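Step one of this worksheet: look at the structure below.
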Amino acid sequence: MRAELASYAVNLEMWWADLEALERVEAAAEAGFGAVEIWFWRRWDVAELARRCRDLGLVVAQIGGWDFEPPLGDPSAQSRLEAGIAAAIEAARILGSSRINLNGPYLRPREDPADVRERIVAALAQVVGLAEEAEVTLMVEPMNTRVDHPGYSLPTSADAVAVVEAVGSPALGVNWDLYHLQISEGDLCGHLAEGIDHVAYVQVADHPGRHEPGTGEIAYGYVLGRLRTLGYRGLIGLECRPLDGEESAIARLLALGGDGPGSTETA
């Protein structure tokens, strides 16, 4: 592990695309990263992923746990949500991960976003106790609607924070993806300062292109420094596609200076 990369959790689905999925774990360790993250956990051999990460001393920072589905509020949908969260919690236990990401629903024609948020709150209120009992954190993620996710129901940090505050559980936070929020709202440091108490995890990619920091318009050296000043000490998820190879991407990360916000998480 390299001290400069210890605070970063490299996304195993966006880096080393030429390798088989589980081979990317070794690549992450060889590169010097301290942690990894994955999208939906069911795509993986969870037991084997856990073994390889454990053997290589890698933290699994977060896993994708559930995508909300319409009709939100329907009893059968709620039942599937509860079963899905319970299964994701078990996968997180095997992987030694403390965070489970949840994606909100997409708006259907003529749906009121405020009504959808209310239904998200009601649905989460019924399952968050499972996370409290298991001592894991569920995370809602704001995602931009202009470039990547047209029609998504939670495009801004304020949308996600409103859901978290309405549920009111310490086991629910925000996956604060700075790439999406740069597109949705800008003023990254201002919004971070307003929502820092609800930040459960931070992901990064530059814009435009969704490549590594240092390839676009976001002043990540400044933003990550501000994040540190605000007190964040968690891992930084590299949910980005290397622009011209992993070695160049790592060089750009190192050029940011420091070691991210200084995570204390260990395997």
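The values are calculated or read from the model by the stated rules, or taken from the named source; none is laboratory data. No experiment lies behind these values; they were computed from the predicted model shown. So basically every Cβ, Gly included, is an ideal-geometry build from the backbone, and we count neighbours across all protein chains shown.
A few comments on the model shown:
- Listed by first and then second residue, the pairs with beta-carbon distance under 6 Å, at least 6 apart or on different chains, first residue in the range 28-50 and farther than 15 Å from Ser98 by Cβ and among the β-branched types (Val, Ile, Thr), second modelled with pLDDT of 95 or more and assigned to a helix (DSSP H, G or I), are Val46/Ala91; Val46/Ile94.
- Extreme residue, nearest to the chain's Cα centre (by Cα), among residues of the range 190-212 that are closer than 19 Å to Glu141 by Cβ and assigned to a loop (DSSP other than H, G, I, E, B): Ala205
- Among residues of the range 18-56, those that are aromatic (Phe, Trp, Tyr), under 20 Å from Glu90 (Cβ atoms) and outside any helix (DSSP H, G or I), counted: 3
- Pairs where the first residue, in the range 245-267, is closer than 18 Å to Leu230 by Cβ and hydrophobic (A, V, I, L, M, F, W, C) and the second is surrounded by fewer than 20 Cβ atoms within 10 Å (Cβ to Cβ) and at pLDDT 60 or above, C-beta under 7 Å, 6+ apart: Leu256/Gly214; Leu256/Gly221
- Odd one out for Arg252, checked against (1) assigned to a helix (DSSP H, G or I); (2) under 21 Å from Met139 (Cβ atoms); (3) of a type outside the set (A, V, I, L, M, F, W, C): (2)
- Screening Trp176 with (1) hydrophobic (A, V, I, L, M, F, W, C); (2) assigned to a helix (DSSP H, G or I); (3) in contact with a Ser or Thr (Cβ under 8 Å, 6 or more places away or on another chain); (4) under 19 Å from Arg210 (Cβ atoms) gives one miss only, at (2).
- Residues that are under 19 Å from the mean Cα position of the chain (by Cα) and crowded, with 20+ Cβ neighbours inside 10 Å, drawn from the range 65-80: Gly65, Trp66, Phe68
- Checked against (1) more than 29 Å from Ile89 (Cα to Cα); (2) in contact (Cβ under 8 Å) with a residue 24 or more places away in the chain, Gly190 passes all but a single condition, namely (2).
- Residue in the range 142-173 that is nearest to His207 (Cα to Cα), counting only those that are over 17 Å from the mean Cα position of the chain (by Cα) and outside any loop (DSSP other than H, G, I, E, B): Ala162
- Arg117 passes every criterion in (1) free of Cβ contacts under 8 Å to residues at least 40 places away in the same chain; (2) of a type outside the set (A, V, I, L, M, F, W, C); (3) surrounded by 15 or more Cβ atoms within 10 Å (Cβ to Cβ) apart from (1).
- Scope the range 50-71; condition more than 24 Å from Glu4 (Cα to Cα) and not small (Gly, Ala, Ser); matching residues: Arg51, Trp66, Asp67, Phe68, Glu69, Pro70, Pro71
- Selection within the range 220-237: residues that are hydrophobic (A, V, I, L, M, F, W, C) and assigned to a helix (DSSP H, G or I). The member of this set that is surrounded by the most Cβ atoms within 10 Å (Cβ to Cβ) is Leu227.
- Residues satisfying the stated conditions in the range 57-100, i.e. in contact (Cβ under 8 Å) with a residue 60 or more places away in the chain and either farther than 21 Å from Val174 by Cβ or part of a helix (DSSP H, G or I) (or both): Gly57, Leu58, Gly96
- In the range 213-230, the residues that are within 18 Å of the chain's Cα centre (by Cα) and under 15 Å from Met14 (Cβ atoms): Pro213
- The condition (being over 25 Å from Asp197 (Cα atoms) and under 18 Å from the mean Cα position of the chain (by Cα)) is satisfied by just one residue among Arg252, Arg233, Arg241: Arg241.
- When Leu138 is tested against (1) surrounded by 20 or more Cβ atoms within 10 Å (Cβ to Cβ); (2) in a helix (DSSP H, G or I), only condition (2) is not met.
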